[in-house]
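K.L.:
Got a structure for you, written out below as structure tokens; questions coming shortly.
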Amino acid sequence: MPTLTPDGIGGSEIATIMGKNSYGCARALFYEKRKVERDFPEEDKPLFEVGKELEGLTCRRYADKAGHIVVRNFSWPHKSDMPDWVGGHPDARALSRDSTYGVLEAKTANSQVWWQFKGQGLPLRYILQLQHYLAKTGCQWGAFAVLNRDSGEFRHFEVSRSEKIIAGILVAGDAFWKMVKDPASDGPNRLEAADTRCSDCCWRQTCQGGYNGQKPEKNGLETLSERPVVQLQEDEELAGKLFRWAKFKHIRDEAAAELDVLAKDCKFLMKEKGYWKVTCPGVDGAVTYTEFLTERVDWKRVRAEHPELALKYTSHKTAERLG
């Protein structure tokens, strides 16, 4: 019997198992649960530490906005009819005004991710995380609180228990945990060696054999992490322009997210009401709604299945970016 981690499958891991997390790899998680020795040490991730430190602030913001009582570091009981692998530790427990308990997850995000939350709603991987914890605890509702660590802005999403989603979680989790426990199992399928997730995986040699997972050098340019950080003190001209750039970038991101939400609402209403071209007070010209088919090349698939062809038609140039 292989040596296993004691905590089963956590809420943040279930989306990876179900193939709904573009940042995760089920095979790497399989190695982690099996306690397979890493080929490379795990890299330090300071932002995770920042997130943990801001978790308490995010919970307090949620308590103030929602009017709920929040208790952190709560020891959740394991629901008796759930499999043993249903594990993990929710960030907090919330008591609503109608005296029902819910699960609270508290996260921080940079401005780019924040506007994705605002424009597109709660990502599926976080919905699955909440539903996993609702299954574990037996609660009927949960909340996901997000704090923008760049601006201090806050918002939260509340999610009701879904037996259909939980059923899917249990099927996927059972299948994965059986592989973890089976000494003869080789685990989930490998990603393509060129997948970017392999480049910083701690088990990239164990998994991919001779492939070392290193990203190719691009024309000898140094990576961003190798460049020194300059603290601007005397250069008032550049500091002033960067301040204005950051300010207007924030306005642009906020406007883009709001435009995305409004555009979706307008398209839905125009389609529902049968309007294809309208005019209204305060809007220059006519606004049209059309439906059309688009064609796009799936370059990720082309690179994975036909790497020589992709390389043949790939051109390189030096670009500039401020971020």
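The values are calculated or read from the model by the stated rules, or taken from the named source; none is laboratory data. A quick note: this is a predicted structure, and the numbers were derived from the prediction, not measured. So basically every Cβ, Gly included, is an ideal-geometry build from the backbone, and we count neighbours across all protein chains shown.
K.L.:
Restrict the check to segment 167-176 and report whether at least one residue is in contact with a strand residue (DSSP E or B) (Cβ under 6 Å, 6 or more places away or on another chain) and assigned by TED's automatic domain parsing to the domain that holds V86.
P.N.:
yes
K.L.:
Which count do you get for residues in segment 279-323 that are farther than 26 Å from K267 by Cα and outside any loop (DSSP other than H, G, I, E, B)?
P.N.:
13
K.L.:
Against the definition (over 24 Å from I169 (Cα atoms) and not polar (S, T, N, Q)), how does L104 come out, yes or no?
P.N.:
no
K.L.:
Just the residues that are under 30 Å from E254 (Cβ atoms) and surrounded by fewer than 16 Cβ atoms within 10 Å (Cβ to Cβ), please, taken from segment 156-175.
P.N.:
The one that is under 30 Å from E254 (Cβ atoms) and surrounded by fewer than 16 Cβ atoms within 10 Å (Cβ to Cβ): S160.
K.L.:
Of these, A319, A304, which one is on the phi < 0 side of the Ramachandran plot, touching a residue at least 40 places away in the same chain (Cβ under 8 Å) and under 32 Å from the mean Cα position of the chain (by Cα)?
P.N.:
A304
K.L.:
I'd like the full set of residues that are among the basic types (K, R) and more than 17 Å from E153 (Cβ to Cβ), limited to segment 241-267.
P.N.:
K241, R244, K264, K267 - these are the residues of segment 241-267 that are among the basic types (K, R) and more than 17 Å from E153 (Cβ to Cβ).
K.L.:
If you check A175, A194, which single one turns out to be free of Cβ contacts under 8 Å to residues at least 12 places away in the same chain and not in a strand (DSSP E or B)?
P.N.:
A175
K.L.:
Step by step: first the residues of segment 41-81, then only those that are among the hydroxyl-bearing types (S, T, Y) and loosely packed, with under 12 Cβ neighbours inside 10 Å, then the one that is farthest from N148 (Cα to Cα). Which residue is that?
P.N.:
Among those residues, the one meeting the criterion is S80.
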